[in-house]
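Okay, structure first, notes after.
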Amino acid sequence: LLEVADPCSVVLKNFISWATGRATRNFICGGQNINYDIGMINGAINRIGFKYQIDKNAPQVELKKLSKMYFSKPGRTLLENYQLGTVATAFGFDTKDAHSAMADVEMTVGCIQKILLEDGDETFLEN
């Protein structure tokens, strides 16, 4: 599969073009542990020599923080840990392909959606 992938420099150039585009100038980063991801992307950008960095202070939706708040609400069961696989399992997602990039993205997005939309509970962020 990687044999047909674009080189990292092309992918990063396209990402930077998208990230600095008019419609996405203020995009929100989302992920399980987003500061780690931002560091990895910024490191790759540095190695290639592009002059762009994702701001670690930019708006973020971090599943680890959201899930801790969600499962700590009264009536919900606290989890043993808040790793992606644990949170995804708690929401009923299949984790057999965990640690493959696309499966992890799909689980992360699915979990964030469940937290933000499940049961119409829009008040959990207020606490």
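Explain nothing, just the number: dipole magnitude of the chain about its Cα centre with +1 on each Lys and Arg Cβ and -1 on each Asp and Glu Cβ, in debye rounded to the nearest 20.
Magnitude of the dipole: close to 560 debye.
Mind telling me which of Gly110, Gly39, Gly75 comes out most flexible in a GNM of the chain, alpha-carbon contacts under 10 Å?
It is Gly75.
Ranked by accessible surface with a 1.4 Å probe, highest first, in what order do Val4, Val11, Val87 come?
Val4, Val11, Val87
Rounding to the nearest 10 and keeping the result within 0 to 90°, find how far the Cα-based axis of helix 34-48 lies from the longest principal axis of the chain.
10
Non-local amide H neighbours of Val61 (under 5 Å, H modeled in plane, Pro and chain starts lacking H): which ones?
Those qualifying (amide H under 5 Å, at least 5 residues apart or on another chain) are Cys29, Gly30, Gly31.
Quick check on the chain: helices-only [θ] at 222 nm, where DSSP H runs of length 4 and up contribute -39,500 (n - 2.57) each and the sum goes over total residues. Nearest 500, please.
Calculated at 222 nm, the ellipticity per residue is -14500 deg cm²/dmol.
What do you get for the angle between helix 101-117 and the principal long axis of the chain? Use alpha-carbon atoms, 0 to 90 degrees, nearest ten.
40
Computed from these coordinates, which is semi-axes √(5λ) of the Cα gyration tensor in Å: [x] 30, 18, 12; [y] 27, 15, 13; [z] 32, 14, 11?
Looking at semi-axes √(5λ) of the Cα gyration tensor in Å for this model, the match is [x].
The values are calculated or read from the model by the stated rules, or taken from the named source; none is laboratory data. Keep in mind that what you see is a predicted model, and the values were worked out from it rather than measured. Virtual Cβ from ideal backbone geometry, glycine too; neighbours counted across all protein chains shown. For accessibility, only protein heavy atoms count, side chains too; no ligands or nucleic acids. Shrake-Rupley method; radii C 1.70, N 1.55, O 1.52, S 1.80 Å.
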